[in-house]
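The values are calculated or read from the model by the stated rules, or taken from the named source; none is laboratory data. A quick note: this is a predicted structure, and the numbers were derived from the prediction, not measured. Cβ sites come from the backbone with ideal geometry, for glycine too, and all protein chains shown count toward neighbours. The area values use the complete protein model at the heavy-atom level, side chains included, leaving out ligands, DNA and RNA. Shrake-Rupley method; radii C 1.70, N 1.55, O 1.52, S 1.80 Å.
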Amino acid sequence: MAILEVEDLKVYFPIKAGILNRTVDHVKAVDGVSFSIEQGKTYGLVGESGSGKTTTGRAVIGLESIYSGKVSFNGTDITNFGRENSALRKDVQMIFQDPYSSLNPRKRVLDIISEPLRNFEKLSKTEEKKRVQELLEIVGLSPESILKYPHEFSGGQRQRIGIARAIALKPKLIIADEPVSALDVSVQAQVLNFMQDIQKELNLTYLFISHDLGIVKHMCDDIAIMYKGRYVEQGTITDIFNNPQHIYTKRLVSAIPDINPRNREKQYRIRQEVQREYANSFNDYFDSEGLAYGLQPVSDTHLVALPERG
Amino acid sequence: MSNKLLEINNLRTSFRIGDKYYAAVDDVSLTVNKNEVLGIVGESGSGKSALAFSIMGLHTKARVEGNIFYKDQDIANIAPAKLNKLRGDDIAMIFQDPLTALNPLMKIGDQIAETLILHKPEMSQKQRKDRVIELINLVRIPRAEYVYEQFPHELSGGMRQRIVIAIAIANQPDLLIADEPTTALDVTIQAQVLDLIRELKDDLNSGVILITHDLGVVAEMADRVAVMYAGQIVEIADVHTLFENPLHPYTRSLLNSVPAEGQDKLHVIQGVVPSLQKLPRNGCRFAARIPWVDESAHEENPELHEVEPGHFVRCTCYSHFYFPDESKEAQVHGNS
């Protein structure tokens with residue numbers, strides 16, 4: 001059974017206007033997204049800025065209120081679950097994008113990491129300290145650093161503190177929102193390796209949100225490409241990278257810089273071609289509002305947003 | 001060689017911390033030729049942006065030593081008035097963050113026109129406006145007349161970055177310095193902006209210094225690449241050599257830490273980039289990050305060695321370097 005199931009998720013933000021501040025319209029940040037993730041897998045959500053990928057992640061964990069649709073975790077409906085459902089909150093955790101703003105600068109590492117523990121587990125001071133030290137060791141930081149403040153750490157170390165906080169309650173699902181985009185390549189490698197290690201150790205499931213297709217390819221089993229709040233394509237890594245069907249996916253894949261300088265001319269030509277195709281056939285792939293169509297299956301695993309054929 | 005556009009000799013840029021100066025760019029020498037893209041790669045804190053700012057003379061409080069020859073003129077030791085004549089005209093810069101590089105209270109058209117007013121005062125108002133519209137079209141922004149009247153906040157990130165490029169190329173510079181021009185952009189926009197820079201370079205026959213931390217961008221764009229670590233160039237070579245036969249341990253580690261086809265585990269560089277004050281000023285600066293390599297492998301005062309024509313590597317440790325998960329015998333490559 002899938003650990004996380006999302007059905008027709010919609011997150012709309014109201015646009016208010018007039019002196020009565022009435023809602024005149026909605027921004028459809030997420031407009032009908034469905035997916036499911038099996039336990040222990042990594043599901044990648046890819047898109048450009050403004051595509052709604054972060055909003056989807058935040059809605060799943062309950063940081064955005066859901067307009068309509070259903071989110072179930074382990075078979076339980078957790079749509080718009082409130083504080084009273086705190087037992088479920090334990091099992092779903094989040095790693096935030098920016099390691100500089102997601103840690104309270106006035107709190108010590110001990111307090112940052114033990115906050116989830118204090119909320120859910122009744123531990124004595126010494127037990128708590130021991131647990132935090134264990135967690136720090138898991139993420140490769142020295143246990144002595146519990147009394148330090150966030151500013152005393154580098155970006156990569158801060159991100160690992162964020163991860164330690166996320167895994168403190170042994171969650172089943174982690175939503176990682178661009179976990180490495182603020183980091184240098186070498187530090188990026190460190191965090192990604194580490195995320196893979198703890199995934200194996202704790203049998204974690206990831207919802208991995210990123211705009212970097214190279215990293216998504218490295219980390220994920222299945223991915224979905226989002227555009228303006230809707231899916232344009234969903235499939236396994238092989239489906240998407242070797243057999244992209246939607247023009248938007250093709251454009252995205254062709255835009256990744258190739259690490260081999262010998263392919264430069266070829267890449268440039270492909271990009272120009274795809275760009276032309278994108279300009280010419282935009283109307284075949286998007287509806288009159290410039291949004292993606294509903295998904296049609298291409299194979300068992302591969303779905304593409306195409307207009308229904310008459 | 002008349003092809004040479006920029007020649008930097010032993011540049012040292014130091015910042016004052018407390019009452020001491022610390023070099024962020026330490027003894028850097030390089031050249032840029034006409035119609036050439038020189039890529040400068042390095043992580044944050046490697047001094048690549050400090051180098052760019054030194055060339056442009058934008059450091060007001062730093063101590064800049066050494067020579068920067070732009071077409072036989074030493075712009076590191078030049079009167080500010082003379083430098084102002086060159087900046088924005090012969091030498092231009094594309095800044096990293098388009099949101100902070102543009103004035104939020106000024107119309108797009110006026111911002112582009114500013115550099116024309118400064119460097120081409122003989123232009124009439126009509127000519128100037130035509131040129132600005134032409135520039136907006138050149139960077140492929142549709143409805144140029146409309147955008148002319150807009151303010152930066154009305155444009156998307158990609159459009160803003162293109163405006164920054166339009167300002168930089170307004171006077172057809174011979175040397176273009178692009179400091180992480182696409183870091184803030186989405187991949188598809190990045191591809192467009194990079195293609196644009198390349199086409200402009202071909203049209204104007206100018207030299208480009210492209211500063212980035214993204215190895216993919218370098219592989220796509222550069223003709224030659226300099227890798228910087230802790231203020232120094234550790235390896236410099238043409239782009240094919242660098243990607244096919246990287247020698248310096250830092251270059252190799254960096255290439256190994258990027259996700260690639262069929263790679264199971266990413267390489268992690270141990271430790272962190274030392275801060276300016278704690279940076280060892282003697283010996284190989286990368287030694288602390290590769291502790292498994294024997295100390296005797298490093299030089300006392302590492303210098304750039306020309307291992308093959310045009311391919312320079314700092315320190316001798318490259319010939320003894322191996323990744324910890326490789327066996328020691330695997331290090332045959334290197335001195336060959």
(request) Using a 10 angstrom cutoff on alpha carbons, build the Gaussian network for chain A and name the most mobile of A:N203, A:N280, A:N193. (result) A:N280
(request) May I ask you to derive the FRET efficiency for B:D202 and B:Q263 from their Cβ-Cβ distance with R0 = 35 Å, giving the value to the nearest 0.05? (result) 0.55
(request) Go ahead and set up a Gaussian network model of chain B, Cα springs under 10 Å, then flag whichever of B:G158, B:G57, B:G310 fluctuates most. (result) B:G310
(message) I'd like the accessible area for A:K41, computed on protein heavy atoms only with a 1.4 Å probe and all protein chains in place. Round to 10 Å², please.
(response) 90
(request) Write down, largest first, the equivalent ellipsoid semi-axes of the stretch A:128-212 in whole Å, where each equals the square root of 5 times an eigenvalue of the alpha-carbon gyration tensor. (result) 20, 17, 10
(request) Please work out the Cα convex hull volume for the stretch A:50-186 and give it in Å³ per residue. (result) 126
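Rounded, prolate or oblate, given the Cα gyration tensor of the protein assembly as shown, with a/c below 1.5 counting as rounded? Working shown, then result.
Details: a/c = 1.69, a/b = 1.20, b/c = 1.41.
In terms of gyration-tensor shape, oblate.
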(request) Name the residues of the stretch B:187-220, by number, that are at least 50 Å² less accessible with every protein chain in place than in the isolated chain; the surface is that of heavy atoms, probe 1.4 Å, without ligands or nucleic acids. (result) B:V187, B:T188, B:D195, B:A219, B:E220
(request) List the residues whose amide H sits under 5 Å from the amide H of B:V25, counting only those 5 or more places along or on another chain, with H placed 1.01 Å from N in the peptide plane. (result) B:T13
(request) Compute the acute angle (0 to 90°) between the alpha-carbon long axis of helix A:185-202 and the principal axis of greatest extent of the alpha-carbon atoms of chain A; round to the nearest 10°. (result) 70
(request) Compute the signed sum of charges (Lys and Arg +1, Asp and Glu -1) over the other residues within less than 10 Å, Cβ to Cβ, of A:L295. (result) 0
(request) Using Cα centres only, tell me the gap between the stretch A:113-163 and the stretch B:41-56 in whole Å. (result) 35
(request) Calculate the dipole size of chain B relative to its Cα centre from +1 charges on Lys and Arg beta carbons and -1 charges on Asp and Glu beta carbons; express the result in debye to the nearest 20. (result) 1240
(message) Let me check I've understood the local charge: for A:Y43, count other residues with C-beta under 11 angstrom from its C-beta, Lys and Arg +1, Asp and Glu -1. What total comes out?
(response) -2
(message) Can you give me the long-range amide H partners of B:V37? Hydrogens built in the peptide plane at 1.01 Å from N, cutoff under 5 Å, separation of 5 or more residues or another chain.
(response) B:V208, B:D223, B:R224
(request) Could you go through the stretch A:231-241 in sequence order and give the Karplus-derived ³J(HN,Hα) for each residue, using 6.51 cos²θ - 1.76 cosθ + 1.60 with θ = phi - 60°, rounded to whole Hz, and x for Gly and Pro? (result) 6, 9, 7, 9, x, 6, 3, 5, 3, 6, 7
(request) Over chain A, with every protein chain in place, what whole percent of the accessible area is carbon and sulfur at 1.4 Å, could you tell me? (result) 46
(request) Give me the percent of the accessible area of the stretch B:154-249 that comes from carbon and sulfur atoms, probe 1.4 Å, all protein chains in place. (result) 44
(request) Could you work out, residue by residue across A:210-220, how many beta carbons of other chains sit within 10 Å of that residue's beta carbon, and then give the average as an integer? (result) 3
(request) Give the span of the stretch B:187-336's Cα atoms along each principal axis, as three whole-Å numbers ordered largest to smallest. (result) 50, 35, 35
(message) Name the residue from A:Y293, A:T238, A:L303 whose Cα lies farthest towards the positive end of the charge dipole of the stretch A:229-310, charges +1 on Cβ of Lys and Arg and -1 on Cβ of Asp and Glu.
(response) A:T238
(request) Taking a probe of 1.4 Å and counting only protein heavy atoms, give the total accessible area buried between chains B and A in Å², rounded to the nearest 100. (result) 3100
(request) Out of all DSSP beta bridges with both ends in the protein assembly as shown, state the antiparallel percent to the nearest 5. (result) 65
(request) Please give the helix B:108-119 orientation as an angle from the longest Cα principal axis of chain B, in degrees from 0 to 90, rounded to the nearest 10. (result) 80
(message) If I take R0 = 35 Å and measure r between the Cβ atoms of A:F13 and A:N242 in this structure, what FRET efficiency does the formula 1/(1 + (r/R0)^6) give, to the nearest 0.05?
(response) 0.45
(request) Please calculate how many Å² of accessible area the stretch A:200-260 carries per residue, with a 1.4 Å probe and no DNA, RNA or ligand atoms counted. (result) 32
(request) Would you work out the relative contact order for chain A, in percent, from Cα pairs under 8 angstrom that are 6 or more residues apart? (result) 20
(message) How big is chain B along each principal axis, measuring the range of its Cα positions in Å and listing the largest first?
(response) 70, 47, 42
(request) Calculate the all-directions average of the projected area of the stretch A:229-310's alpha-carbon convex hull, and give it in nm². (result) 6.2
(request) Give a residue-ordered list of calculated ³J(HN,Hα) values for the stretch A:281-290 (Karplus: 6.51 cos²θ - 1.76 cosθ + 1.60, θ = phi - 60°; whole Hz; x for Gly, Pro). (result) 10, 3, 6, 6, 9, 10, 7, 5, 8, x
(message) As an exercise, take the mean of 1/r over every pair of distinct alpha carbons in the stretch B:102-170, invert it, and state the Kirkwood radius in angstroms.
(response) 11.7
(request) Note down the magnitude of the dipole of the protein assembly as shown about its Cα centre, charges +1 on Lys and Arg C-beta and -1 on Asp and Glu C-beta and zero elsewhere, to the nearest 20 debye. (result) 1860
(request) Run the dipole for chain A about the Cα centre, Lys and Arg Cβ at +1, Asp and Glu Cβ at -1, nothing else charged, and hand back the magnitude in debye, nearest 20. (result) 820
(request) Using a 1.4 Å probe on the heavy atoms of the protein chains only, list every residue of the stretch A:246-268 that has 50 Å² or more less accessible area in the complete assembly than in its chain alone. (result) A:A255, A:P257, A:I259, A:P261, A:R262, A:R264, A:Y268
(message) Distances longer than 22 Å among the Cα atoms of the stretch A:1-130: what percent of all pairs is that?
(response) 51
(message) Please give me the summed charge of the neighbours of A:N80: other residues whose Cβ is under 11 Å from its Cβ, Lys and Arg +1, Asp and Glu -1.
(response) -1
(request) Rounded to the nearest 500, what is the 222 nm mean residue ellipticity of chain A from helices alone, with -39500 (n - 2.57) per DSSP H run of 4+ residues and division by all residues? (result) -11000 deg cm²/dmol
(request) Compute the FRET efficiency between B:N84 and B:E122 as 1/(1 + (r/R0)^6), taking r as their Cβ-Cβ distance and R0 = 22 Å, and round to the nearest 0.05. (result) 0.80
(request) Putting +1 on Lys and Arg Cβ atoms and -1 on Asp and Glu Cβ atoms, find which of B:A168, B:M221, B:L194 reaches farthest to the positive end of the dipole of the stretch B:158-248. (result) B:A168
(request) Compute the longest continuous run of chain A that contains no exposed GluC sites (Glu not before Pro); treat a site as exposed when its DSSP state is not H, G, I, E or B and it has at most 12 other Cβ atoms within 10 Å. (result) A:1-288
(request) Treating the Cα atoms of chain A as identical point scatterers in vacuum, please give the log10 of the normalised Debye intensity I(q)/I(0) at q = 0.13, 0.15 Å⁻¹, two decimals. (result) -1.00, -1.23
(message) If you count only protein heavy atoms with a 1.4 Å probe, what accessible area per residue comes out for the stretch B:102-170, rounded to a whole Å²?
(response) 51
(message) As I understand it, the value is the acute angle between the Cα axis of helix B:187-204 and the longest principal axis of the Cα atoms of chain B; what does it come to in degrees, rounded to 10?
(response) 80
(request) Have a look at the DSSP beta bridges in chain B and tell me what percent are antiparallel, nearest 5. (result) 65
(request) Calculate for chain B the 222 nm mean residue ellipticity that helices alone would give, adding -39,500 (n - 2.57) per DSSP H run of length 4 or more and normalising by residue count, nearest 500 deg cm²/dmol. (result) -9000 deg cm²/dmol
